[in-house]
1. Tell me, what HN-Hα J-couplings in whole Hz come from the Karplus equation 6.51 cos²θ - 1.76 cosθ + 1.60 at θ = phi - 60° for each residue of the range B:260-273, using x for Gly and Pro?
2. Output the 0 to 90 degree angle, nearest 10, between the alpha-carbon long axis of helix A:193-202 and the longest principal axis computed from the alpha carbons of chain A.
3. Starting from the Cα coordinates of the range B:266-376, work out the convex hull volume and express it per residue in Å³.
4. Give the cross-link partners of A:Lys100 among the lysines, using a straight C-alpha distance below 21 Å as the criterion and excluding same-chain residues fewer than 8 apart.
5. If you put +1 on each Lys and Arg Cβ and -1 on each Asp and Glu Cβ, how big is the dipole of the protein assembly as shown around its Cα centre, in Debye rounded to 20?
6. Using a Gaussian network model on chain A with a 10 Å cutoff between Cα atoms, which of A:Ala67, A:Ala122, A:Ala89 fluctuates the most?
7. Quote the Stokes-Einstein diffusion coefficient, in whole µm² s⁻¹, for the range B:65-202, based on the Kirkwood radius over alpha carbon pairs, a temperature of 10 °C and a viscosity of 1.306 mPa s.
8. Taking only the Cα atoms of the range B:354-500, how large is their convex hull per residue, in Å³?
Amino acid sequence: MRRAVHAEWTKLRTVAGPRWLLAGMVAVTVALSAAAASVSTCVSPGCGGDPVELSLTGVDLGQALVAILAVLVIGGEYGSGIFGVTLTAVPRRRVVLAAKAAVVSGVVAVAGSVAVLGSLLAGRVVLPGGQLVLWPVGGPTLRAAAGSVVYLVLVALLAFGVAAVVRDSATGVGIVLGLLYLVPIIAQVVGDPGVRRVLQQVAPMSAGLAVQATTGLDQLPIGPWAGLAVTAAWAAAALLAAAVRVGVRDD
Amino acid sequence: MTTVLTSGRRAGFVSLLHAEWTKFRTVAGWGLGMAVGSLMIVLVGVLAGVSSDQQGAPPVPVGPGGAPVADSFYFAHRPLTADGGITVSVTALESSVPAGPGDLRPGQVAWAKAGLIIKESTRPGSPYAAIMVTGGHGVRMQSGFVDDIAGPAGTEPVHWLRLLRSGDTVTGYSSADGTQWTEVGTVRVRGLGPRPRGGPFVASPPSVDGMGTRSSVSTAVFGDLRVEGSWADDAWTGEQVGPESPTFAGYPPGTSGSSTASGGELTITGAGDIAPAVRETLATGGTVKDILTGTFAALVVMVVVGTLYITTEYRKNLIRVTLAVTPGRGRVLVAKAIVVGSCAFVAGLAGALAAVPLGERLAEVNGVYVFPVSSATGLRVALGTAALLAAAAVLALSVGAILRRGAGAVTAVLLVIVLPYLLIANPFMPAGVAGWLARVTPAAAFAVHQTLEPYEQVASVYTPYNGYFPLPAWAGLAVLAGYAAVSLAVAVVLLRRREA
């Protein structure tokens, strides 16, 4: 397993694509966060705003690049036929899958931490009058920051699992982005508040991002940690499906 | 010679189209994708139709034109049995808006109305003509809920109003001093009936506050009330019109409507509006835009299929074979664009044509009012949805040809279309930023789903989120088509230059 992880790390490290994707992820996350903080008209808790959540808006966009990275790690090998070589070198298929998942999680955790810290610092600078207090760090702020990093890792694992199941990068990205972005849009047309709440509770994006809230927790459709657990369940299901699929089909 | 060459090229292009169509048709996943996209539009339309149950809710008032209206105001009235007129002086009009719970503050409500009205009955939605002074827009003569005539512009404040009815014709006059009168407008009101009510009224529409509205209340003092002609009864009956109407936001907490007479003056306090209903006035209502939200799901599918249509050729190295048998490289991409665009168009059109009537019918069964659309508008929306999906598929094909990588192309196209829409839909996004996002990004194309009309005489939140786009439908579509056309041109140039 250690050798497999090392091999996957070498593959990821020596290709330019992932590096650019991660750098791009950090850049767009911080940029969108700063932009959202600078244009928002409702910052203070008085009007229902949440400075921490606002400063982490960029995660909405950054997760898309995280998803491509995770999809390419497995979809790229299927696309180019390299996966056969990988399996020849490491015949235990689930070990290969686990090694890839571990490497992706690691790099996303590191890059995600940079992006989240950058976003919070940008919010600190952009929001007027020190509305975002970063030091001393409060429990809710820490939860939002750490939770966002965990969320990005879970999105990566979800995308990785989906791509391993469908074995095609474009289809994988389409499915993952559809899962993430469609439910919040469709929830808007659901007239019944109960049904809308259930949709927001089970969707990977709207549930998982509940972890970013620091105020008005009782208004949320789902609690911060419970929401993150929903995203984790999605990721676990995708990984499980991938583990089953990689074992039963020839490549 | 030239003719032969041209017809040869044309025949070549037709067979190229045929070849590309065969490729598209014979990959099971792509045809299935189109069908799934179509089905997603219908399924979300059904979801929108069944997800809300408003049975037993009071009926939405509908104006003479068939459109929903707000028709709630405080009315002091007497029956008018034949022709007649009424004159009054409005000596004060003051409005209040709550600044917080239980904290009513004086404020300006630009479309607060105080004046005279002749109306078929006190039934909400019945025909009327009215002349009024407003909080910030001077004297107006309004009728039929949508017709609005501005009174004389001048520095002298108008205090006197007069309304004359002769058969179907109602004429409004205004005056600064009660002696020199100016005609504001003459309107023909069909269906005033044998016994219309006439008298002074006060309405006070909700005031816009950020991304929402809050109900307001206004009080006006009427003096010198005089009638001429055939009026029945002797006393004025004070009554709130349409108190239970879904288009009535109600009075601010702690206030209520009233009319009190003292010393020859009549003081009326009222809330509500006499105007066409907009999204914000009828928040419980559904729109065709809501029913067609599944377009997003279809969009994801079309973008994936459009991308795969070219990137699969690169992945399998089939592109070399394709280019070897086709002398003009650019023509391959154009043929692919025509094939995938047409398929997306047909799938989108079928989905929209099925989803809208189905969604409307289900909503109706569940007692949900859907803003009505004319059949021409309905057709425009269905064609627009189809064209939106076609343009998105061509954009995806072009970006796929430029990047030659499926994952990157799908992400890029979805992000440039869906992310702006999500940002627009964020209620905290300032209207200016949301407006620009809806103008310059490919998400502008969602203007094809607009069926609601903004009105000058109704202050409201006219944002894309509420279904009001800054660009007309064709212009929004042109923005997306422009992105697709530019991308296709870049892709053709790159395909000619690059090694396959």
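Taken together, the values in this text are just the output of simple stated rules run on the coordinates, not laboratory data. The shown structure was predicted, so the numbers you read here are calculated from the model rather than taken from an experiment. Every residue, glycine among them, receives a Cβ derived from its backbone with ideal geometry; neighbour counts consider all protein chains shown.
1. Karplus values, whole Hz, x for Gly and Pro: 10, 9, 7, x, x, 10, 10, 9, 10, 10, x, 9, x, 8.
2. Its long axis makes an angle of about 40 degrees.
3. Numbers: hull volume 19.3 nm³, N = 111.
Convex hull of Cα atoms, per residue: 174 Å³.
4. By straight Cα distance, A:Lys100 reaches A:Lys11.
5. Values: 50 positive and 40 negative charges, 933 e Å.
Here the protein assembly as shown has a charge dipole of around 4480 debye.
6. A:Ala89
7. Numbers: Rh = 15.5 Å.
D, rounded to a whole number, is 102 µm²/s.
8. Expressed per residue, the convex hull around the Cα atoms of the range B:354-500 is 142 Å³.
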